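Inspection log for the structure reproduced underneath, given as structure tokens.
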Amino acid sequence: MGKIKIEGLTKHYVNRRHKRRDPGDENGYGKIINVFKDIDLEFEDGEMVCILGPSGCGKSTMLRIIAGFDSATSGTVVIDGETVVGPSPDHVFVFQQNGLLPWMTVWQNVELGLRNIKNEALRNETIQEYIDMVELSGFEHYFPSQLSGGMQRRAELGRALAVNPDILYMDEPFTGLDYLTHLKIREEVINMHTFLGKTMVMVTHFIDDALIMADRIIVFNESPAKVILHKKLEYSRPRNIEKDPGLSDLRDEVFMMLGVSYVA
Ligand code: ADP
Ligand code: MG
């Protein structure tokens, strides 16, 4: 049985500002925006799942519903045999925007999720271990505003992983990073996935990231979003898109699906 099972998932929003007589507003309550309809998906335990799709197609909405932060209009998400009705402390979400608390240092931010470790020495050891893992040793007592964007992202990933979550959700975790930092953090996430074996679900608009990282990729189209590609990637790691003909063909295919027919 799958770890995460999504059945008949449907989400619509009602845009109440829509004018009464406008098309699409038959009842006068507002225009219904169908984000997605009847989505069925299943992810295995320990998988890195990457979700791609055009901007505004509903990726973040889908991730928030899977994580229990938002509710579906209909359909269910079942994780480990239990229907999701709200966020779980065993599952951690790395948001698209910076999620560090600005009035707390890196150390305090990482400590946040570890309050259940009552033994202080053990707690401190765990905090240090994850700060080292994301290469922020020496910056423990810096506040987020004193760090670069990449360092903030690393701190956030360290904090998320320190909780030792059963599932890690990430919404565009590399957006806004410079190219090299992006590649380095990507490498760290891949290593964490390889060594810690966590189930990870990541939304991204970087096609190459999905091809390099994913055990499974899902591509959505828009309005209302449908799954236009659902594929298990069994290419060996470390992956190199240019050197693996299967991966480069898949890359072309995904670019085409997302409306780009020529990629240099
Ligand atoms: P993505 O992450 O793929 O860019 P989102 O999930 O953020 O897309 O949004 C999907 C669609 O749902 C968009 O059309 C957006 O305008 C709409 N939407 C998202 N959140 C709300 C909301 N709270 N109220 C109304 N519409 C929303
Ligand atoms: Mg989004």
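The values are calculated or read from the model by the stated rules, or taken from the named source; none is laboratory data. All values reported here derive from a predicted model rather than from experimental measurement. Using ideal geometry, Cβ is built from the backbone for each residue, glycine included, and neighbour counts are taken over all protein chains shown.
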Pairs with Cβ under 8 Å, 6+ apart, first in the stretch 51-66 and touching a residue at least 60 places away in the same chain (Cβ under 8 Å) and closer than 12 Å to Asp171 by Cα, second among the polar types (S, T, N, Q) and more than 9 Å from ligand 2 (Cβ to nearest atom): Ile51/Thr204; Leu52/Thr204
Under 6 Å by Cβ, and 6 or more places apart or on different chains, what pairs join a residue from the stretch 188-203 that is within 16 Å of ligand 1 (Cβ to nearest atom) with one that is assigned to a strand (DSSP E or B)? Val201/Val49; Val201/Tyr169; Met202/Cys50; Met202/Met170; Val203/Ile51; Val203/Asp171
Given the conditions (1) within 16 Å of ligand 2 (Cβ to nearest atom); (2) farther than 30 Å from Leu229 by Cβ, report the number of the one that Gly58 does not fulfil. (2)
Residue list for the stretch 102-122, filter: touching a residue at least 24 places away in the same chain (Cβ under 8 Å), in a loop (DSSP other than H, G, I, E, B) and surrounded by fewer than 16 Cβ atoms within 10 Å (Cβ to Cβ): Pro102, Trp103, Met104
Selected residue [within 13 Å of ligand 2 (Cβ to nearest atom), more than 30 Å from Met256 (Cβ to Cβ) and not small (Gly, Ala, Ser)] from Asp70, Asp90: Asp70
Would the stretch 153-175 turn up any residue that is modelled with pLDDT of 90 or more, in a helix (DSSP H, G or I), more than 13 Å from the chain's Cα centre (by Cα) and within 16 Å of ligand 1 (Cβ to nearest atom)? no
Name the single residue that is farthest from Cys57 (Cα to Cα) among those in the stretch 219-264 being among the small types (Gly, Ala, Ser) and loosely packed, with under 15 Cβ neighbours inside 10 Å. Ser236
Of the residues in the stretch 78-109, those that are in contact with a Ser or Thr (Cβ under 7 Å, 6 or more places away or on another chain) and closer than 15 Å to Glu7 by Cβ number 1
Can you work out which of the residues in the stretch 97-108 that are modelled with pLDDT under 95 and under 12 Å from Leu157 (Cα atoms) is farthest from the chain's Cα centre (by Cα)? Leu100
